Structure formats: C-alpha cells, structure tokens
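What follows is a short report on a single structure.
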C-alpha cells in the first residue's frame, strides 16, 4: 500500500448545469484523493445552475467533510467560477478540472507524485483531443491567436487551455484580469513566467466522462470575450503595465 502524501491539495471543480456529471465526477475525484492524500479538499462551485447541480453538490458535501460548495447566485461563467474556487482554497497546491474530467483523477495523482517539486506551475497538455468539428476549430483558432500575440510566452507550453496545477503561495502574484473561460488560464501561466516562477509542461492522455468534448467554451460570445481579453493583456504588456 502506497503511503499517503503529506502535501495538501485543493481540487476545484466548477460548472453550470452539470447534473449528469456531478455524482460520477465527484466520486472519481474522492476515490483518487482519499487513497493518496492525508489532507485534501474538493471545492465545488455551482455557477448559477438551473438544474439539480447545486442540490447534488450539497449532497456530496453532506457525505464527505472534505467537500465544500460555493454558490454563484448568477451565472458568472467558468473562468470566474474557477478563480473563485482558487481564492477560497486553503491547501498548498491547487488544481482544477471540468466536471467531465478532462484529466483522469488517478492520472493526476500519479503525475503529482512524480512531479519536480521545484515547479510553481504545472501545465497539463492533452496528447490528443476528441471533440466536435466546431470545438476543434475554436481550439485551433485560440492556439493560433496565442502563438501570434504571445510567441515568447508560449515557448515550452504549447497548450494552455486544459488544466493546471499551482503552488498556492504564488497565487496572488498571478491572478489574471481575464475572467473569460478561454483566456483566464493562459494569462495565469503568462503572469507566472513574467514573475520568474518555474513553469513545467506535462503531456497526459485524453480523458472525458462523455467521450468527446462538445460545445462548451466554443460559443461565439466566449470566443469574442477571450479575444478581447487577449488584446487587453497584449496592450498592457506593450505598455509595461503587467
């Protein structure tokens, strides 16, 4: 039996209308963390859902004292919800994942155990991407814009829109201005690099409860919101205001 880690972890999951995923996702995360950490917390953020997401989250919290639930009274979108969970986190390391578990919890635990402890940020990059044609197009457009606008900051971390692990003590230095679901995470990594923090990159297998990524974050308004945030950040860089 493997010895449990004495390092502490906050696992953040935010979502809107995720009633079909809450129970299986939380159970999978619970099993992986309970077997591997002496101290952990799972922070569930309901982003103003209109289905049974919030009651199901509360049920999970009643059954496990390691789980906390945060409720957005109105829909703020994924980026703002993840950031709210991060600010509420209390443990040494923070990681987030979507409710369809784009990163398998057991795979995350293995990589956490093996990671270079000198890192401040670890970016997980999908080895493949099973998604609808529109979602793949939106992802390609996003990556193209990031490389075009931030060629130096993209070096070493070619994919920034999956999920990332952060050392909590560095969080205040890298909180982004962006709240868009597409650009908040790249901005955090860019800020970490600009602050001289140590950023690593790790390729992981594709994983998803539903088998294929669909329309989330591929909506036109999400893309326009992200592009606006990208150009704002680019202008602030040029003006030396980062």
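For region 78-90, name all the residues that are in a helix (DSSP H, G or I) and buried (at least 16 other Cβ atoms within 10 Å of the Cβ).
Selection gives 78, 79, 80, 81, 82, 83, 84, 85, 86.
Entry remark, region 156-177: residues being in a loop (DSSP other than H, G, I, E, B), surrounded by fewer than 23 Cβ atoms within 10 Å (Cβ to Cβ) and either touching a residue at least 60 places away in the same chain (Cβ under 8 Å) or within 14 Å of the chain's Cα centre (by Cα) (or both) number 5 in total. Within region 201-221, the set of residues being within 19 Å of residue 104 (Cβ to Cβ) and either at pLDDT 90 or above or outside any loop (DSSP other than H, G, I, E, B) (or both) comprises 201, 202, 203, 204, 213.
From the list 234, 179, 168, exactly one residue is under 26 Å from residue 92 (Cβ atoms) and at pLDDT 95 or above. Which is it? Reasoning before the result, please.
Values: 234 fails: under 26 Å from residue 92 (Cβ atoms); 179 fails: at pLDDT 95 or above.
None of the other options fit; the residue is 168.
Of all residues in region 1-35, those being touching a strand residue (DSSP E or B) at 6+ places or on another chain (Cβ under 9 Å) and either free of Cβ contacts under 8 Å to residues at least 40 places away in the same chain or not in a helix (DSSP H, G or I) (or both) number 18.
Being in a helix (DSSP H, G or I), in contact with a helix residue (DSSP H, G or I) (Cβ under 8 Å, 6 or more places away or on another chain) and at pLDDT 95 or above holds for only one residue in 70, 56, and it is 56.
Any chance region 61-77 includes a residue that's surrounded by 14 or more Cβ atoms within 10 Å (Cβ to Cβ) and in contact (Cβ under 8 Å) with a residue 60 or more places away in the chain? Yes: region 61-77 contains one or more residues that are surrounded by 14 or more Cβ atoms within 10 Å (Cβ to Cβ) and in contact (Cβ under 8 Å) with a residue 60 or more places away in the chain.
Taking residue 56 as the residue in question, decide whether it is without any contact (Cβ under 8 Å) to a residue 60 or more places away in the chain, closer than 21 Å to residue 208 by Cα, surrounded by 16 or more Cβ atoms within 10 Å (Cβ to Cβ) and over 20 Å from the mean Cα position of the chain (by Cα). Yes: the conditions hold for residue 56.
If only residues of region 91-111 that are touching a helix residue (DSSP H, G or I) at 6+ places or on another chain (Cβ under 6 Å) and crowded, with 19+ Cβ neighbours inside 10 Å are counted, the one that is farthest from residue 69 (Cα to Cα) is 109. Residues in region 36-45 that are out of contact with any helix residue (DSSP H, G or I) (no Cβ under 6 Å at 6 or more places or on another chain) and part of a loop (DSSP other than H, G, I, E, B): 2 in all.
If you go through region 147-154 one residue at a time, do you hit one that is part of a helix (DSSP H, G or I), more than 21 Å from residue 25 (Cα to Cα) and out of contact with any helix residue (DSSP H, G or I) (no Cβ under 9 Å at 6 or more places or on another chain)? The answer is yes, given that some residue of region 147-154 is part of a helix (DSSP H, G or I), more than 21 Å from residue 25 (Cα to Cα) and out of contact with any helix residue (DSSP H, G or I) (no Cβ under 9 Å at 6 or more places or on another chain). Within region 112-133, restricting attention to residues that are closer than 22 Å to residue 208 by Cα and surrounded by 15 or more Cβ atoms within 10 Å (Cβ to Cβ), the residue that is farthest from the chain's Cα centre (by Cα) is 131.
Which one of 227, 203 is touching a residue at least 40 places away in the same chain (Cβ under 8 Å), over 14 Å from the mean Cα position of the chain (by Cα) and closer than 23 Å to residue 112 by Cα?
Details: 227 fails: closer than 23 Å to residue 112 by Cα.
Testing whether each residue is touching a residue at least 40 places away in the same chain (Cβ under 8 Å), over 14 Å from the mean Cα position of the chain (by Cα) and closer than 23 Å to residue 112 by Cα leaves just 203.
In the set (1) under 23 Å from residue 219 (Cβ atoms); (2) buried (at least 19 other Cβ atoms within 10 Å of the Cβ); (3) over 16 Å from the mean Cα position of the chain (by Cα), the condition left unmet by residue 136 is number (2).
The values are calculated or read from the model by the stated rules, or taken from the named source; none is laboratory data. Just so you know, these numbers come straight off a predicted model, no measurement behind them. Cβ: placed from backbone, ideal geometry, glycine included. Neighbour counts: every protein chain shown.
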